[in-house]
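A quick write-up on the structure given underneath.
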Amino acid sequence: MERYWKLMFTSCLFVFGIGFFYLHDTFAEKELPEYTWEKQKGNEEVLEDVLVQAYIQDGSYIGETIQIAGEKRKYLSQLSFLERLTGAMDNLKIKQLQQKYRGFMRGKEESTYNFYEDKRMLAYANVSSEWDGSQFKQSNFALEVETVSKRDDETTSFFIKLPNQDQYDYMDVGEVTVLGDKLYVLTQNDMLVDDESQSEMRLYTIDLTNEKLISEQRLFSDKEENVKGDREVTLLHDTDELQASSYIAVMTRNLDEDDQTKQLRLFDIEKQEEWSVDLPKKMLEQEVVAHMGDETFYFIYEQKGKLSVTPYQIAEQQLDDPIEIPISDAIDVNTMKYTKIIHDKLYLLYDMNSYMGREGNAPQIKGNPPLMYVIDLKAKALRYEGELTPKNKAAKNALFMIESMYENEQ
Amino acid sequence: MKSYFRLTEFELGRFFKFYLVLIGLTIVSQIIGVIAVSKEYMQEANEAIYQDGLSKQAFMDQRGLISLLDWTNSIWFLAPIALCVVTLLIYMFFIWYRDWLGKNTFIYRLLMLPTQRIHLFFAKATTIFIMVLGLVALQVFLIYIAGIVLEWMVPNEFMQTMGVSEVSVASQYVNTILPATFTEFVLYYGTGFMFVCIFFTAILIERSYRWKGLLFAIGYVAVATAVFMSLIFLSMEWGLFSLYPLEWLILQIIIGIIVTASSIFLSYYLLTKKITV
Amino acid sequence: MIEVNNITKKFGRKQVLKGVTFTAEKGEITCLIGINGVGKTTILNAIMALTPIKKGEILIDGEKLKPKTFNHITFIPDAITVLPQMTITESMQFMKDYYTTWNEERAQELLSFFKLNPEDKIASLSKGNTAKANLLLGLALDVDYILMDEPFSGIDMFSREQIANVFTSHLIEDRGVIITTHEIGDIEHLIDKVVLLDDGVVKKHFYTEEVREAEGKSVIDVMREEYQG
């Protein structure tokens, strides 16, 4: 053996060094921050439907991302290379579709905005364009449409060259809806007019049977003739929902110093009508959660230990009686919150360390635990109230920053 | 098999003095580095606190805590790594050409050994590869030791303690040579081994056909690299087809194995049939 | 028997070997003779698979060369083939490590015969001693065939004598030897068979004994006839 000492020396150096590095896992020794839901009221079963994703910063150079669903925890640092590669923490809805429709989903944009699903079919639309180096902008915009029938797995796919391409420089899909044999694609189109950027929504109506574009409509623009300054247009929809309704809803807010009017505007795709929802100004200032699948808006307002959720039925054009729930005194209208409607229940998660609209308010390490309220919208009652409390030293010393709240599909 | 080990030991021996020098330089430079970086930090702290009248906390907020990352981003840490990389890259070529150089043409002896000539290829490849891995492993120990040295040098309140794995996750340089998971380590260095095989094959093409071979050799490197990268270009850049990440990984590994095997096979053919002294 | 059958070789556009055929038997010393650049070394390299040939084939005891064959045939090129930084002992150890046919006893015998100091580095040896060490490393193998490329060129007179003595000793007996030379004088009395090369082909091959007895000619006489006549 001593004849091979150089080979032995180098191999041992390698085996011990690399072995030490990969077997002696300092992450395992380093305590993982642990959190549990502390129930104050209700039943924690409802927490199994929701997935809270947060970023944990413990003052070291490496952050940790955690996903909490009921009793289950997933830590980014604990994922294997293959789990990371296959996106074990990615958008669950898309992952589910990829498993179910592997062929159809291949190469498709991983965004729920581009999909529509009902009992009959799964539909997809995306904007494709090419970079035109001579004009230094995107050109040749086209809609790529693909559907798969759930009955016979038959797929159709076609491209539609879009008209009036000189009117915009960039576009992106906001929503895809199928009503009857028509596919509607709502897009956000950006353009430069007199060196000022401008944005508007366009609705493309596509005949699925004949694979043809029926119409292109301009819907909501951030520049309106009768409005002095710009206005802000926000599309209201159920994020990561694949169904959509026959209504398109936007919240507009004028950005002029004297005129900050907010409006909730609706467009009925079937009737081809656009109108403004008639509501008191006070109501419009409240946070609105759209539940388009149910054609209902929920206005949310927190004040002096009380939360009120007021439903508005689009079809009836009327406000219902508010659901009122007592909440922590520490919550006010400016507390950062995350909302999600899952199975007719409204999930409200309050990040007790950050506030909307206030800057320079550096979050502190020893923060307050986030509070969760789950409200049954049908029974108009509180189903759960509780807080996510740090369970060990690592969690207590770390800053918990909520990133998002999803429906838990697993 | 025995002659493969003998040849590997022999090839290692031919470069071992230089290799120990590289190891020595790395140790010395990196240890001096951690001392220099912490001294500099403490000097800054002293100046700020005693001359400019800053409070400790204010200094820490302003300057940040010192950690091994200050060291891994310094020239003391990076220069010896760069030196080792360059030296071994050059030696990857020299390990073959040195046998043809000079009037003592050692290649005669090597080619006349009563063993499969491909063993020469494997012995030389193993030598390069194991020297690289040895240096990577050395880096693990040095990061560990540097952590201890840093603790001696700097009062703990100024210091952000980090384990070896944390350094590798936080520092992009360290991450390149020591990826976070063992799977990635195998993939990275597997790719490295493939490129050693490709370059060795190119050298043997040149050695077999000389001037004419030089063009073929460059061509071979280009083709092998293009084949290895083909998936990335076809699916990600040109979008001719698209793959799920796991499919991509599996195909990429298969392509890598094919390229490596072709290089070894071609080298086998050249060494037995085409090589010339 | 080593059979060289109709081998051809090109260097670039220059055709060096245009179909060379000869055989070398065990127990005989075969000498390849030709002017410099005629391709003598190339033939030896080709036999040892150190350079590819374009056409033809080479058989050693009826078989093509395999890695194992190197235990039965050895080639002593005109320069030494171990590393200059090795000592003679180290280079002997190197040979012993790889060749099953290494004969340590004979190696020691040769060492004392050539009066070499085993602790000397190869790089520090004189030209004559380097040649002797080179010869030692080849001859200490129990092989059937030995190929030698110009073993006498550029070496002092006394060394030449020592080396020449090897050929008449038991160290060579029973083996097949192919040696190349461009000056026949020193070794004429040693060789059994001559292969005359010219312009890439074998011009003539003959047994020295036969020519001497039948025609009363020396090798040099035959060469003169062939090359000048």
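The values are calculated or read from the model by the stated rules, or taken from the named source; none is laboratory data. Please read all numbers here as calculations on a predicted model, not as lab measurements. Counting neighbours? That spans all protein chains shown, and the Cβs are built from the backbone with ideal geometry, glycine included. Accessible surface areas use protein heavy atoms only, side chains included; no ligands, DNA or RNA. Shrake-Rupley method; radii C 1.70, N 1.55, O 1.52, S 1.80 Å.
For the stretch B:117-126, check the following and say yes or no: at least one residue is in contact (Cβ under 8 Å) with a residue 40 or more places away in the chain, in a loop (DSSP other than H, G, I, E, B), surrounded by fewer than 22 Cβ atoms within 10 Å (Cβ to Cβ) and away from chain A (no Cβ under 11 Å). Working first, answer last.
Kept after step one, since they are in contact (Cβ under 8 Å) with a residue 40 or more places away in the chain, are these residues of the stretch B:117-126: B:117-126.
Checking the rest, the ones that are also in a loop (DSSP other than H, G, I, E, B) come to B:117.
Of the ones still in play, those that are also surrounded by fewer than 22 Cβ atoms within 10 Å (Cβ to Cβ) are B:117.
Then keep just the ones that are away from chain A (no Cβ under 11 Å); that gives B:117.
Within the stretch B:117-126 (the criterion being in contact (Cβ under 8 Å) with a residue 40 or more places away in the chain, in a loop (DSSP other than H, G, I, E, B), surrounded by fewer than 22 Cβ atoms within 10 Å (Cβ to Cβ) and away from chain A (no Cβ under 11 Å)), the answer is yes, since at least one residue qualifies.
Give the residues of the stretch B:1-13 that are assigned to a helix (DSSP H, G or I) and more than 10 Å from chain A (Cβ to nearest Cβ), sorted by residue number. Outline the logic, then answer.
Taking the stretch B:1-13 first, the residues assigned to a helix (DSSP H, G or I) are B:2-13.
Of everything in the stretch B:1-13, those that are assigned to a helix (DSSP H, G or I) and more than 10 Å from chain A (Cβ to nearest Cβ) turn out to be B:Lys2, B:Ser3, B:Tyr4, B:Leu7.
Only one of the numbered conditions (1) more than 27 Å from A:Ile62 (Cα to Cα); (2) out of contact with any Leu (no Cβ under 6 Å at 6 or more places or on another chain); (3) not polar (S, T, N, Q) is not met by B:Leu111, and that is (2).
Which ones in the stretch A:31-55 are touching a Pro at 6+ places or on another chain (Cβ under 9 Å) and not in a strand (DSSP E or B)? Can you show your working first?
Let us first name the residues in the stretch A:31-55 that are touching a Pro at 6+ places or on another chain (Cβ under 9 Å), namely A:33-36, A:38, A:52, A:54.
The answer is A:Pro33, A:Glu34.
Residue-level analysis places B:Ser29 among those that are under 23 Å from B:Val132 (Cα atoms) and in a helix (DSSP H, G or I).
Return yes when C:Met86 is facing chain B (nearest Cβ under 10 Å), surrounded by fewer than 21 Cβ atoms within 10 Å (Cβ to Cβ) and under 26 Å from C:Pro67 (Cβ atoms) and no when it is not. When the stated conditions are applied, C:Met86 passes them. Applying a threshold of 8 Å to beta carbon distances and a minimum spacing of six or more residues, or different chains, the list of pairs starting in the stretch B:260-275 at a residue that is within 11 Å of chain C (Cβ to nearest Cβ) and ending at one that is open to solvent by 50 Å² or more (accessible area, probe 1.4 Å) reads B:Lys274/B:Tyr209. Within the stretch A:122-177, which residues are farther than 17 Å from A:Arg202 by Cα, of a type in the set (A, V, I, L, M, F, W, C) and in contact with a Ser or Thr (Cβ under 8 Å, 6 or more places away or on another chain)? Listed by number, the residues that qualify are A:Leu122, A:Ala123, A:Trp131, A:Val148, A:Phe159. Based on this model, can you work out whether A:Gln286 counts as among the polar types (S, T, N, Q), closer than 16 Å to A:Tyr247 by Cα and open to solvent by 20 Å² or more (accessible area, probe 1.4 Å)? In short, no.
Please go through the stretch C:10-26 and pick out each residue that is in a strand (DSSP E or B), of a type in the set (D, E, K, R) and more than 12 Å from C:Asp199 (Cα to Cα). Please lay out each step first, then the result.
Of all residues in the stretch C:10-26, those in a strand (DSSP E or B) come to C:10-11, C:14-24.
From the residues that got through so far, the ones that are of a type in the set (D, E, K, R) too are C:10, C:14, C:18.
Selection gives C:Lys10 alone.
If you go through the stretch A:243-266 and keep only what is in contact with a helix residue (DSSP H, G or I) (Cβ under 7 Å, 6 or more places away or on another chain) and among the charged types (D, E, K, R), you end up with just A:Lys262.
Just one residue in the set C:Asp174, C:Asp199, C:Asp192, C:Asp221 is over 20 Å from the mean Cα position of the chain (by Cα) and touching a residue at least 60 places away in the same chain (Cβ under 8 Å); that residue is C:Asp199.
Sort out which residues of the stretch A:372-395 are surrounded by 15 or more Cβ atoms within 10 Å (Cβ to Cβ), out of contact with any Leu (no Cβ under 8 Å at 6 or more places or on another chain) and modelled with pLDDT under 90, and write them in order of number. A:Ala395 - this is the single residue of the stretch A:372-395 that is surrounded by 15 or more Cβ atoms within 10 Å (Cβ to Cβ), out of contact with any Leu (no Cβ under 8 Å at 6 or more places or on another chain) and modelled with pLDDT under 90.
The condition of being among the charged types (D, E, K, R) and modelled with pLDDT of 90 or more holds for only one of A:Glu225, A:Glu216, that being A:Glu216.
Highlighted here are the strands (runs of 3 or more DSSP E) found entirely within the stretch A:101-194 that include at least 3 residues which are closer than 24 Å to B:Leu243 by Cα and out of contact with any Leu (no Cβ under 8 Å at 6 or more places or on another chain): A:121-132, A:137-149, A:155-161. Taken together, B:Thr105, B:Thr181, B:Thr176 contain a single residue that is within 10 Å of chain A (Cβ to nearest Cβ), open to solvent by 10 Å² or more (accessible area, probe 1.4 Å) and either without any contact (Cβ under 8 Å) to a residue 12 or more places away in the chain or of a type in the set (Ser, Thr, Tyr) (or both), which is B:Thr181.
Looking only at the stretch C:31-62, filter to residues that are in a strand (DSSP E or B) and farther than 16 Å from C:Ile178 by Cα; which one of those is nearest to the chain's Cα centre (by Cα)?
Within the stretch C:31-62, the match that is nearest to the chain's Cα centre (by Cα) is C:Glu57.
Residues of the stretch B:37-55 that are in contact with a helix residue (DSSP H, G or I) (Cβ under 6 Å, 6 or more places away or on another chain) and either open to solvent by 60 Å² or more (accessible area, probe 1.4 Å) or within 30 Å of B:Val85 (Cβ to Cβ) (or both): B:Val37, B:Ser38. Scanning the stretch A:62-95 for residues that are more than 13 Å from chain B (Cβ to nearest Cβ), over 30 Å from B:Gln160 (Cβ atoms), modelled with pLDDT of 90 or more and surrounded by fewer than 17 Cβ atoms within 10 Å (Cβ to Cβ) returns a single hit, A:Lys72.
Counting only residues that are within 12 Å of chain A (Cβ to nearest Cβ) and either buried (at least 22 other Cβ atoms within 10 Å of the Cβ) or without any contact (Cβ under 8 Å) to a residue 12 or more places away in the chain (or both), the stretch B:143-163 holds 2 of them. The numbered conditions (1) over 22 Å from the mean Cα position of the chain (by Cα); (2) among the polar types (S, T, N, Q); (3) more than 14 Å from chain A (Cβ to nearest Cβ) are all true for B:Ser242 except (3).
Take A:Thr10 and decide whether it is in contact with a helix residue (DSSP H, G or I) (Cβ under 7 Å, 6 or more places away or on another chain), facing another protein chain (nearest Cβ under 7 Å) and at pLDDT below 90. So that I can check it myself, show each step before the final result.
Numbers: in contact with a helix residue (DSSP H, G or I) (Cβ under 7 Å, 6 or more places away or on another chain): yes; facing another protein chain (nearest Cβ under 7 Å): yes; at pLDDT below 90: no.
Criteria not met by A:Thr10.
Being more than 29 Å from B:Val277 (Cα to Cα), surrounded by fewer than 21 Cβ atoms within 10 Å (Cβ to Cβ) and away from chain A (no Cβ under 14 Å) is a property that holds for B:Leu78. Among the residues making up the stretch B:21-36, those that are under 30 Å from C:Ser91 (Cα atoms) and open to solvent by less than 80 Å² (accessible area, probe 1.4 Å) are B:Leu22, B:Ile23, B:Gly24.
The single residue among B:Leu243, B:Leu204, B:Leu215, B:Leu249 that is closer than 24 Å to A:Tyr101 by Cα and either assigned to a helix (DSSP H, G or I) or open to solvent by less than 20 Å² (accessible area, probe 1.4 Å) (or both) turns out to be B:Leu249.
Does any residue of the stretch C:92-100 turn out to be under 13 Å from B:Pro114 (Cα atoms), within 9 Å of chain B (Cβ to nearest Cβ), part of a loop (DSSP other than H, G, I, E, B) and touching a residue at least 12 places away in the same chain (Cβ under 8 Å)? The answer is yes; a qualifying residue exists.
Checked against (1) open to solvent by less than 70 Å² (accessible area, probe 1.4 Å); (2) over 19 Å from the mean Cα position of the chain (by Cα); (3) modelled with pLDDT of 90 or more, A:Lys340 passes all but a single condition, namely (2). Does C:Leu65 meet the test of being surrounded by fewer than 19 Cβ atoms within 10 Å (Cβ to Cβ), part of a strand (DSSP E or B) and more than 9 Å from chain B (Cβ to nearest Cβ)? Taking the combined requirement at face value, the residue does not satisfy it.
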